[in-house]
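Below is one structure, written out as structure tokens; comments come after it.
The values are calculated or read from the model by the stated rules, or taken from the named source; none is laboratory data. Everything numeric in this text was worked out from a predicted model, so none of it was measured. Virtual Cβ from ideal backbone geometry, glycine too; neighbours counted across all protein chains shown.
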């Protein structure tokens, strides 16, 4: 009887030790598996998803003063881009329906050139909300690229072309808005030699201008390096 009990205890201890070994193996191996899974993401077939918002989410929190006819013209464009982590990401940008082809063309050029773009996320994202409303300052501070936003121009006075979905801001921290001593986003520095910065001979700038867009980097005051727009032509 004693021998049977000792043998049973021995078997229980072996089973317990084996269970502990399995748990430790799984625990210690998890980061390796996770790292391997992460390493295979970030190519054109499996981009890192920065934004995958639904139509309802994209327009949630829109300024109630936005006319329905403007809202109805907006389209969500899925884009891929090379980011600062040397991987391919996928995001979304909202623009007027007439500009969808232009945006796809420019982002294809940016991807081909491996021009880094930090993120492309609609400004309706919770991270860019203040008191429930879309906030351009929060989006700029995050170095986020975006398009449609029913708001006035920086400094006020009249509606921005963003309000019509006919303007985009890209890589805001590398390409700040500058008017005198006022720099937006705060702390941003324009360095034409830095990665992700726009200059006159940049292929993305050329691609936009080829499609009839205007670059804010050509302006005198303010100089808005992040800004590209294609205003609706007035009817004759």
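Tabulated data
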read-out	value
Enumeration of residues in the stretch 89-108 that are part of a helix (DSSP H, G or I) and surrounded by fewer than 21 Cβ atoms within 10 Å (Cβ to Cβ)	97, 98, 100, 101, 104, 105, 108
Matching entry among 143, 191 (being under 14 Å from the mean Cα position of the chain (by Cα) and either over 21 Å from residue 119 (Cα atoms) or at pLDDT 95 or above (or both))	143
Filter result for residue 185 (surrounded by 15 or more Cβ atoms within 10 Å (Cβ to Cβ) and within 22 Å of the chain's Cα centre (by Cα))	yes
Output for the stretch 46-85, where each listed residue is assigned to a loop (DSSP other than H, G, I, E, B), under 16 Å from the mean Cα position of the chain (by Cα), surrounded by fewer than 16 Cβ atoms within 10 Å (Cβ to Cβ) and in contact (Cβ under 8 Å) with a residue 12 or more places away in the chain	52, 84, 85
Single residue of 184, 138 found to be touching a strand residue (DSSP E or B) at 6+ places or on another chain (Cβ under 7 Å) and over 19 Å from residue 91 (Cβ atoms)	184
Selected residue [out of contact with any helix residue (DSSP H, G or I) (no Cβ under 8 Å at 6 or more places or on another chain) and either closer than 30 Å to residue 67 by Cβ or in a strand (DSSP E or B) (or both)] from 155, 187	155
Matching option when the condition is closer than 24 Å to residue 50 by Cβ, at pLDDT 95 or above, crowded, with 20+ Cβ neighbours inside 10 Å and touching a helix residue (DSSP H, G or I) at 6+ places or on another chain (Cβ under 6 Å), among 171, 149, 175	149
Cβ-Cβ under 6 Å pairs, at least 6 apart or on other chains, the stretch 158-173 side free of Cβ contacts under 8 Å to residues at least 12 places away in the same chain and on the phi > 0 side of the Ramachandran plot, far side part of a loop (DSSP other than H, G, I, E, B) and crowded, with 21+ Cβ neighbours inside 10 Å	none
